[in-house]
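Any read-out appearing in this document is the output of simple, stated calculations on the displayed coordinates, not a laboratory observation. All values reported here derive from a predicted model rather than from experimental measurement. In this analysis, Cβ positions are derived from the backbone assuming ideal geometry, glycine residues included, and neighbour counts consider all displayed protein chains.
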């Protein structure tokens, strides 16, 4: 609803189109690109990410949800660098999991007789893996926000410390947290033996939707909003207000928040963990020392307990 004396939003038709169609079109386009090019998981994900971020950057420029959150070139360059660093670290972690965790999970799969529904249509397998992996991450993420020691150990404060959320913020993660980001898919692939195609499709769907969820755009598609996390919902999770940020833990499948009572919605004035955004070095040191002004799961445990 428009406030009194507030000027009308520019490009109203584009805003309406973005709100209702941007998310399904981007997700469908990413999957279509993956299928058409028939590439391996890593290449498909990178190309889909690049395309989605190009579109999201243009839309954030034309019709931002919060116009005063426009980024300076130096801020964008920092986020791009962090994004690339996260991708490199993810690959290293996945390689390490492949040598250490996957063999043990494979033995467990064989002992329990578990298997993956390979006879299902590929799209159904992709959606199953997408929803199941976010189900696991939902509980990990919820625990991180519940226990101060895990908040610090995971470095999750780094991701939440940024003011003025944008699509590129999806790749702004502390090196410690990369271990958790890669874990759900590895667990499912190892325990149930999901096929390479299902893994590739679910990865493409997840990385693009996570980027949409962090975008500075008014996105809230009817029907889709009940299952897939959108930007308006996930912005709430990054809110500077502590109680608002402890909701909407599912980064991709908001269905889990709706089912387990942690869903909320409403406007967000600012994102971050305090009135000032920490510098890059301060963000890296958050697992060891939080600023006095920080309001987080760790700071609320009381002096000396975070």
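Given the rule -39500 (n - 2.57) for each run of at least 4 DSSP H residues, summed and divided by the residues of the chain, what is its mean residue ellipticity at 222 nm, to the nearest 500 deg cm²/dmol? It would help to have the intermediate numbers written out before the result.
On the way: 12 runs with 180 residues, N = 306.
Dividing the helical sum by the residues of the chain leaves -19500 deg cm²/dmol.
Once a ≥ b ≥ c are taken as the square roots of the eigenvalues of the Cα gyration tensor of the stretch 158-239, is the result rounded (a/c under 1.5), prolate (a/b larger than b/c) or oblate (a/b not larger than b/c)? It would help to have the intermediate numbers written out before the result.
Working: a/c = 2.57, a/b = 1.36, b/c = 1.88.
Oblate, because a/c is 1.5 or more while a/b does not exceed b/c.
For a quick check: sort 76, 283 by the number of other beta carbons within 10 angstrom, fewest at the front.
Numbers: 76 13, 283 21.
Least crowded to most crowded, the residues run 76, 283.
Obtain the nm distance between the two label points defined at residue 95 and residue 78 by a simple spin-label model: each point lies 7 Å from its Cα along the Cα-to-C-beta direction.
With each label point 7 Å from Cα toward Cβ, the separation is 2.9 nm.
Once you have the Cα-Cα distance between residue 292 and residue 241, take 0.36 nm times their residue separation minus that, and quote the gain in nm to one decimal. If you can, show how the numbers build up before the last one.
Numbers: separation 51, 0.36 × 51 = 18.36 nm, distance 1.59 nm.
Gain in length upon complete extension: 16.8 nm.
Using 7 Å Cα-to-Cβ label points, what is the residue 107/residue 36 separation (nm, one decimal)?
Taking the simple label geometry, residue 107 and residue 36 are separated by 4.6 nm.
Note down the Stokes-Einstein diffusion coefficient of the stretch 198-247 in µm²/s, whole number, using a Kirkwood radius over alpha carbon pairs, 10 °C, and 1.306 mPa s.
After rounding, the answer is 136 µm²/s.
How many Å³ per residue does the convex hull of the Cα positions in the stretch 13-301 occupy?
Values: hull volume 38.5 nm³, N = 289.
With only Cα atoms used, the stretch 13-301 gives 133 Å³ per residue.
Order the peptides 80-93, 138-151, 211-224 from the highest to the lowest mean number of other Cβ atoms within 10 Å of their residues. Could you put the intermediate results ahead of the total?
Values: 80-93: 15.8, 138-151: 17.8, 211-224: 21.8.
Result, highest mean Cβ count within 10 Å first: 211-224, 138-151, 80-93.
Between the stretch 149-215 and the stretch 90-124, how far is it from one alpha carbon centroid to the other, in angstrom?
Comparing the Cα centres of the stretch 149-215 and the stretch 90-124, I get a distance of 18 Å.
Let me understand the stretch 50-95 better: what is its radius of gyration from the alpha carbons, and its Dmax, in angstrom?
13.4, 41
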